[in-house]
Structure formats: structure tokens, C-alpha cells
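Read-outs: derived from the displayed coordinates by stated rules, not from any lab. Bear in mind the structure is a predicted one, so any value in this text is a computation, not a measurement. No Cβ is skipped: glycine too gets one built from the backbone with ideal geometry, and neighbour counts run over all protein chains shown.
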Amino acid sequence: MLKLEKVTKHFEKVHAVQDVSFQVNRGSVYGLLGPNGAGKTTTIRMIMNIIQPDSGTIRIGDGTSGGTDSRMLGYLPEERGLYQKRKIREVIRFFGQLKGLSLKEAADHCQIWLDRFGMSDQADRKVSELSKGNQQKIQFIVATVSFPELLILDEPFTGLDPVNQIILKDIIREFRDEGKTIVLSTHQMDQVEQLCDHICLINKGQVVLEGALASIKEKHGDQQIEIRFKTRPEKIATGLFKSYDIQNKILRGYLPDDLSFKEAVRRLTDMWDIEGIARYTPSLEDIFIKLVEA
Ligand SMILES: Nc1ncnc2c1ncn2[C@@H]1O[C@H](COP(=O)(O)OP(=O)(O)OP(=O)(O)O)[C@@H](O)[C@H]1O
């Protein structure tokens, strides 16, 4: 559904995006991740054809982003902007028509979305009268008013309470199940773990990790170990771990690359009274921090 090949963008001396390539399959939720200033928004703006790459290609569906039917694309930008003085219903319909919907289609879609978020009774209120979270919901509705095939969401959970975060997650999953494609950019790793099947981690403008989330976690779990001690040891032998963190009686650490899990278990059980040893599956946040700090 979306394919970037060696996409590069400079702003004067800043190498915002360098040789970024990835592919997003139809009917999936793809996480575009990275620390502040990594190049995510620049990448998204190029996908949306708001700015042009210096080099490389971006292909959406069967064409390139420049020639894509605007109904097909939905974008929730990082910086929000709605007409504060206008009524909610008017704003949604207006953006629907901008996307090429007829007035009737825009009105129908507006109603469907307001119902979905339980906001029909607020349709005639001005945007400025809404709370931050409710404005965020309207912004999401504006992005999805045309029921786009490719939906790009930049930090969509900001400002939403836990109940509305669940509603939004359900909507994202529904979109995916209908065969639509979602690119999700967020710093909330728990949301990524719950929603995304593939991810791309960008750091300093370059892709540092890309692929299926499950296999990434498996691969990065290889040298990780979790040990539950019966009694917390006074001292931990150096050389057994590359790094570790111990809290109460539980140690989580990285084994050196040349020490197998089996050999580590043998040495550890010789040394200490141990209740249990397991491979530790890292969270996406662990992997993110490890790669970004490297
Ligand atoms: N219009 C611009 N002019 C100059 N530099 C820019 C411009 N837009 C982005 N940059 C620079 O490009 C780099 C990437 O910025 P970008 O906004 O893409 O990062 P990001 O990953 O979206 O960050 P964040 O998570 O903080 O939103 C940064 O160094 C930023 O300062």
C-alpha cells in the first residue's frame, strides 16, 4: 500500500531523513517510531506530498503520492488546527467536501463519526467550546471523514482519557480489519505493542530497525535473562552480564554475546540459590531505549 525507497530530505545543513526505505502492507497497522527530531514528521509530510524529497521515491497504492486521489489519504497531523469559531458539524462537513465528498456524503459521514464517538449531541457547538480531548476526537474525525484507504496518525492518543483511547484503538483495529492501512507515529510504546504488526524505528534520520514486531522482540530477547533469587545475593559476579538491573530478588540483564543461555544457567545455578531463570522478552520500550542510546 505504501513503499518508500531511499527517501532523503535535507533542510540546509540538517540531514532530516537519509535513505529511508520501508514498505507497509495493505490491511496492517505500521508503527513509525523514533526519538524527538528523528525525522518522522518529515517522512510523513513527504508521504502526504506536503514537502518533496530531495531524492528517492514514495509510492502509494498503484501510483506515487503526487497523483493520489485525496479521498484515499487521511492525515492526523502532529500540530492540530481546527476553525475554532465554527460549529463542529460545519467543520467536519467542510473538510469532507475538501476531500471531494458530496455535501450529502460529507453530512452522512459526519453523522456516522459523531455517533461513533458519542458526540452527536454536541454537533452544533463551536469547536472552541470543546475540551482538548474532544477537539482531538473532532480532529480524528476530520482525518477519517472520507474513510481513507491509507490513514496516517501522528500522536493520535494525545489528550484522550483511557476510555477514549480504547475507543480509538478499536476504531484503528476496525479500519485494519476492513483492509485499510494505518501508519501510526507515537512515543507511546505500549500503544504500538497493542496495535502494530510491523514497525520502523528511525534515529537521526536513518532507519535503525525495521520489520515484524514479534520477530524483532524475539531477536532482541536472545541475550536477555531474568533470574529470580531465593535470597538477594550480596554481590553479582562481574563478567556474567553485559549489564543488569536488580530489584528486590529479581535481576534482569543482558548476557555477553559469547555466553549462551544454557551455559549462563549452568554457572548461575552453581553460584546461587535460584528460584527460577527465564529468557526475558524485552518490551518495545526496552529495545527503543537500547538502540536510541547506542
Ligand atoms: N522546515 C524545517 N526546516 C529546518 N529543519 C527542519 C524542518 N523540519 C524539520 N527540521 C529538522 O529535521 C529534523 C527532523 O525533524 P522531524 O520534525 O521530522 O522529527 P520528528 O521525528 O517528527 O520529531 P518529534 O518526535 O519531536 O516530533 C530535526 O532536526 C528538525 O529540526
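Overall shape of the stretch 29-145 was characterised from the C-alpha gyration tensor. The equivalent ellipsoid obtained from it has semi-axes of 29, 18, 12 Å, in decreasing order. Estimated from helical segments only, the mean residue ellipticity of the chain at 222 nm is -10000 deg cm²/dmol, where each DSSP H run of four or more residues counts as -39500 (n - 2.57).
Other residues within the sphere of radius under 14 Å centred on the Cβ of residue 284, judged by their own Cβ, net out at -4 (K and R +1, D and E -1). Charge dipole (Cα centre; +1 on Lys/Arg Cβ, -1 on Asp/Glu Cβ; no other charges) of the stretch 85-223 amounts to roughly 680 debye.
Summing +1 for each Lys or Arg and -1 for each Asp or Glu, what net charge is found among the other residues whose Cβ lies under 14 Å from the Cβ of residue 186?
Working: positive: 40, 169; negative: 78, 154, 155, 190, 193, 285.
Counting the neighbours of residue 186, the net charge comes to -4.
For the chain, what log10 I(q)/I(0) values come out of the Debye formula at q = 0.06, 0.07, 0.12 1/Å, with one point per alpha carbon and no solvent? With no solvent term, the Cα-only Debye profile gives -0.27, -0.36, -0.84. By DSSP, the beta bridges lying fully in the chain are antiparallel in about 70 percent of cases.
For the chain, excluding the exposed loop sites themselves (trypsin sites (Lys or Arg not before Pro), DSSP loop, at most 13 other Cβ atoms within 10 Å), the longest remaining stretch covers 86-229.
Of all lysines in the structure, the ones whose alpha carbon falls short of 24 Å from that of residue 230, not counting any fewer than 8 places away in one chain, are 242, 249, 262. Each 5 Å bin from zero holds the following percent of Cα-Cα pairs in the stretch 227-272: 5, 20, 36, 28, 9, 1.
Would you mind checking the pairs 132/290; 204/235; 40/137; 13/217; 99/132 and listing those with alpha carbons more than 27 angstrom apart? Before the final figure, lay out the partial values.
Values: 132/290 34 Å; 204/235 39 Å; 40/137 22 Å; 13/217 35 Å; 99/132 25 Å.
Violating the 27 Å Cα-Cα cut-off are 132/290; 204/235; 13/217.
Along the chain, the longest continuous region that contains none of the GluC sites (Glu not before Pro) in a DSSP loop with at most 11 other C-beta atoms within 10 Å is 80-177. The aspartates and glutamates within cross-link reach of residue 85, meaning a Cα-to-Cα straight distance under 13 Å and a gap of 8 or more places when in the same chain, are 124, 129. Which one of 1, 185, 88 has its Cα pushed farthest toward the positive end of the charge dipole of the chain, where Lys and Arg give +1 and Asp and Glu give -1 at the Cβ? The residue sitting farthest along the positive end of the dipole is 88.
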